[in-house]
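See structure below.
Rule-based calculations on the coordinates, nothing more; no lab input. Quantities reported herein were computed from a predicted structural model and do not represent experimental measurements. Virtual Cβ from ideal backbone geometry, glycine too; neighbours counted across all protein chains shown.
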Amino acid sequence: MAASGLLNDPWLTRSALALAGQSVARYTVALNVFGFFAVALLSGSLADSLKSAGARLQQAVDQRAIERLRSAMRRSLLQRAPADFRLSASDH
C-alpha cells in the first residue's frame, strides 16, 4: 500500500472539504448544547430517583428484619412459657 496513492483520493480534495453554512453551524451547535443539558438534567433526575429508591429499599429491608426478630422472639417466648410455668408450679 503506497502512501502516495492516498493523497490523490477525491474525498481529500479542497472542494470535498467545504464547510456548511453559518446558520447550519449555529443550528448544530445549539442542538448539541441543548442535548448536552437535557442529558445532564435527565441523568441528575435519574440519580435522585435511584437514591430515593435505595433509601426506600433499605427502610423496607430494615423493617422486614425487625419483624423477623420480633416473630422469632415471640416464638421463643411461647416455646419457653410452658416449661417456665411447669418449673414454677413444681417449686410450690
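7 Å from Cα along Cα→Cβ at both residue 49 and residue 19: what's the point-to-point distance in nm?
My value for the distance between the label points is 4.0 nm.
State the extension gain, in nm to one decimal, for the chain segment bounded by residue 58 and residue 76, taking 0.36 nm per residue of separation less the distance between their alpha-carbons. Walk me through the intermediate numbers first.
Values: separation 18, 0.36 × 18 = 6.48 nm, distance 2.68 nm.
So the extension gain works out to 3.8 nm.
Given a Förster distance of 41 Å, report the FRET efficiency between residue 66 and residue 37 from their Cβ-Cβ distance, rounded to the nearest 0.05. Could you put the intermediate results ahead of the total?
Details: r = 44 Å, r/R0 = 1.06.
Once rounded, the FRET efficiency stands at 0.40.
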